[in-house]
Amino acid sequence: MSTQAMYECAVCYEDEIQQERVEHVNDSLVCHTCISKQFRAALRIENDYPTRLGTVQLSFSDCHHVLEPEFWVAYAKKEIEYDCPPIMRVYCT
Ligand SMILES: [Zn+2]
């Protein structure tokens, strides 16, 4: 039997999460899976950017360790695109 404390995610209510798999978001504990889902949504859909969890904006620098390096690159590129006003964007075809 493990003596390690388990934590509950405030988003998905999974309640057997190890300490290294949760983060503090404001006063709540949120699992890495839920945080990574929000960042992946923001990468796909501009309306989901900046990345939020409920009303709380998630900082990429605080959360990047829950995502893989390939994602960091894709997200950094997307941030440049999103931060540019749509009328100024130029896409190659
Ligand atoms: Zn969760």
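Here are some notes:
- Taking the criterion of being part of a loop (DSSP other than H, G, I, E, B), of a type in the set (D, E, K, R) and under 27 Å from Cys9 (Cα atoms), the only residue of region 47-90 that qualifies is Glu68.
- Selection of first residues in region 74-93 that are touching a residue at least 12 places away in the same chain (Cβ under 8 Å) and of second residues that are of a type outside the set (Ser, Thr, Tyr) and surrounded by 11 or more Cβ atoms within 10 Å (Cβ to Cβ), restricted to Cβ pairs under 7 Å at least 6 apart or on distinct chains, gives the following pairs, ordered by first then second residue: Ala74/Leu43; Tyr75/Phe39; Tyr75/Leu43; Tyr75/Phe60; Lys78/Leu43; Tyr82/Glu46.
- Within region 43-93, the set of residues being among the small types (Gly, Ala, Ser) and more than 11 Å from the chain's Cα centre (by Cα) comprises Gly54, Ala74, Ala76.
- Number of residues in region 1-46 that are under 17 Å from His64 (Cα atoms), within 13 Å of the ligand (Cβ to nearest atom), acidic (Asp, Glu) and not in a strand (DSSP E or B): the value is 0.
This table checks each residue for (1) at pLDDT 95 or above; (2) of a type in the set (A, V, I, L, M, F, W, C); (3) surrounded by 12 or more Cβ atoms within 10 Å (Cβ to Cβ).
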{"site": "Glu16", "(1), (2), (3)": "yes, no, no"}
{"site": "Asp27", "(1), (2), (3)": "no, no, no"}
{"site": "His32", "(1), (2), (3)": "yes, no, yes"}
{"site": "Ser36", "(1), (2), (3)": "yes, no, yes"}
{"site": "Ala41", "(1), (2), (3)": "yes, yes, yes"}
{"site": "Leu58", "(1), (2), (3)": "yes, yes, yes"}
{"site": "Phe71", "(1), (2), (3)": "yes, yes, yes"}
{"site": "Ala74", "(1), (2), (3)": "yes, yes, yes"}
{"site": "Glu79", "(1), (2), (3)": "yes, no, yes"}
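The values are calculated or read from the model by the stated rules, or taken from the named source; none is laboratory data. Small disclaimer: the values here were computed from a predicted structure and weren't measured. Positions of Cβ are generated from backbone atoms using ideal geometry, with glycine treated the same way; all protein chains shown enter the neighbour counts.
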